Amino acid sequence: MQNTQQNVRPVALVTGGGRGIGRAICTQLAAQGFDICINYAGNAAAAEETAALCTAFGAAAFTVKADVAKAEEVEQLIGATVAQFGHIDVLVNNAGITRDGLMMRMSEQDYDQVLDTNLKGAFLCCKAVCRPMMRQKFGRIINLSSVVGVRGNAGQANYAASKAGLIGLTKSLAKELAGKNITVNAVAPGFIETDMTHAMPEAARQSTLASIPMGHTGSAEDVARAVAFFAAKENSYITGQVLCIDGGMAV
Ligand code: NAP
């Protein structure tokens with residue numbers, strides 16, 4: 001356990017850790033001495049590449065396929081992490097999807113899929129790590145919200161609802177776990193270059209760029225450094241916070 005035993009490497013589980021921001025979080029934490037469980041939904045090759053990047057930093061890393069929207073698979077994911085490393089110090093709820101469209105044309109299925117993955121997935125993972133973290137009397141939970149959850153965005157009612165919901169979940173769980181030496185915080189990225197944003201139509205990309213005071217997109221590493229800040233055991237007196245990493249978009 002990170003807080004009580006010397007010379008035991010801390011362990012982080014990153015959902016959706018195979019690609020994009022998740023991969024950058026895995027490698028950042030691996031570089032800082034964490035062992036890593038990399039969860040993925042379908043892209044095993046990307047997850048294995050991330051594992052190789054982590055082991056290059058001297059970390060132990062392994063991959064687990066699990067759909068975070070499914071309770072049984074989440075239980076297996078947390079169980080596999082604890083079985084592999086003996087403990088779990090950090091949970092990063094990074095897995096996320098978009099199914100964009102104007103509300104009047106948005107299908108119920110697109111709404112449900114986004115809420116199930118982005119919000120219910122984080123709920124299930126938080127619920128599953130509560131017990132081992134409370135037993136350890138230590139934990140760090142970091143949720144990936146979005147500037148869209150803070151400001152809203154036309155064409156992303158489902159995604160914005162999920163990301164705003166994550167802020168409420170973060171603040172509520174922070175209060176529930178504050179007395180247990182477990183912090184719960186959120187990061188809210190703006191426009192970050194990943195597969196998710198590369199799928200945006202060019203017109204949407206240009207109008208989003210125009211709304212960034214710094215005038216340019218951010219990198220996955222920009223987000224990963226903020227996640228690592230919240231993950232650090234030294235940062236023990238910060239909980240329930242939402243940190244925007246967005247070049248000023250939410251200001
Ligand atoms: P991305 O490149 O599309 O990667 C998404 C990751 O989530 C993939 O690793 C994917 O796994 C995983 N995933 C999707 N559904 C899953 C499920 N049901 N169970 C487990 N894993 C699942 O996205 P990204 O841009 O890196 O975004 C990462 C997080 O940051 C998301 O929560 C996103 O909403 C948030 N965010 C991103 C931006 C941005 O500008 N990019 C801005 C604000 C917030 P596979 O690799 O197996 O498919």
(message) Of everything in segment 83-103, what is of a type in the set (A, V, I, L, M, F, W, C) and surrounded by fewer than 18 Cβ atoms within 10 Å (Cβ to Cβ)? Give them in sequence order.
(response) ALA83, LEU102, MET103
(request) Considering (1) farther than 30 Å from GLY86 by Cα; (2) touching a residue at least 24 places away in the same chain (Cβ under 8 Å); (3) surrounded by fewer than 20 Cβ atoms within 10 Å (Cβ to Cβ), say which one SER107 fails and leave the rest. (result) (2)
(message) Can you confirm whether ARG99 is basic (Lys, Arg), more than 9 Å from the ligand (Cβ to nearest atom) and farther than 16 Å from LEU13 by Cα?
(response) yes
(request) For segment 183-198, state whether one or more residues are touching a residue at least 24 places away in the same chain (Cβ under 8 Å), in a loop (DSSP other than H, G, I, E, B) and more than 9 Å from the ligand (Cβ to nearest atom). (result) no
(request) Inspect all residues belonging to segment 80-90 and state whether any of them is under 26 Å from PRO201 (Cβ atoms) and hydroxyl-bearing (Ser, Thr, Tyr). (result) no
(request) Would you point out which residue out of CYS130, CYS126 is open to solvent by 20 Å² or more (accessible area, probe 1.4 Å) and within 17 Å of VAL68 (Cβ to Cβ)? (result) CYS130
(request) Just one of (1) more than 9 Å from the ligand (Cβ to nearest atom); (2) hydrophobic (A, V, I, L, M, F, W, C); (3) closer than 18 Å to LEU243 by Cβ; (4) not in a loop (DSSP other than H, G, I, E, B) trips up ALA203, so point out which. (result) (3)
(message) On the basis of being open to solvent by less than 10 Å² (accessible area, probe 1.4 Å) and under 20 Å from the mean Cα position of the chain (by Cα), does GLY139 make the cut?
(response) yes
(request) Kindly list the number of the only condition in (1) farther than 26 Å from SER236 by Cβ; (2) of a type in the set (A, V, I, L, M); (3) in a helix (DSSP H, G or I); (4) more than 13 Å from the chain's Cα centre (by Cα) that fails for ILE212. (result) (3)
(request) Output the residues belonging to segment 123-157 that are part of a helix (DSSP H, G or I) and touching a Ser or Thr at 6+ places or on another chain (Cβ under 8 Å). (result) CYS125, GLN136, GLY149
(request) Quickly run through segment 3-45 and pick out the residues that are within 15 Å of the ligand (Cβ to nearest atom) and without any contact (Cβ under 8 Å) to a residue 12 or more places away in the chain. (result) ALA45
(request) Determine which member of the set VAL148, VAL92, VAL82, VAL114 is away from the ligand (no atom under 11 Å from the Cβ) and touching a helix residue (DSSP H, G or I) at 6+ places or on another chain (Cβ under 7 Å). (result) VAL82
(message) So, in segment 46-73, exactly how many residues are over 20 Å from LEU29 (Cβ atoms), more than 9 Å from the ligand (Cβ to nearest atom) and either under 17 Å from the mean Cα position of the chain (by Cα) or open to solvent by 60 Å² or more (accessible area, probe 1.4 Å) (or both)?
(response) 1
(request) State the number of residues belonging to segment 193-251 that are open to solvent by 20 Å² or more (accessible area, probe 1.4 Å), among the aliphatic types (A, V, I, L, M) and more than 30 Å from ILE182 (Cα to Cα). (result) 8
(request) Provide a single number: the residues in segment 142-168 that are under 16 Å from the mean Cα position of the chain (by Cα), crowded, with 20+ Cβ neighbours inside 10 Å and of a type outside the set (Phe, Trp, Tyr). (result) 12
(request) With respect to ALA128, determine if the residue is closer than 27 Å to ASP100 by Cβ and of a type outside the set (S, T, N, Q). (result) no
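The values are calculated or read from the model by the stated rules, or taken from the named source; none is laboratory data. The shown structure was predicted, so the numbers you read here are calculated from the model rather than taken from an experiment. For neighbour counting, all protein chains shown are included, and Cβ atoms are generated from backbone atoms with ideal geometry for every residue, glycine included. With ligands, DNA and RNA removed, areas are computed over all heavy atoms of the protein, side chains included. Shrake-Rupley method; radii C 1.70, N 1.55, O 1.52, S 1.80 Å.
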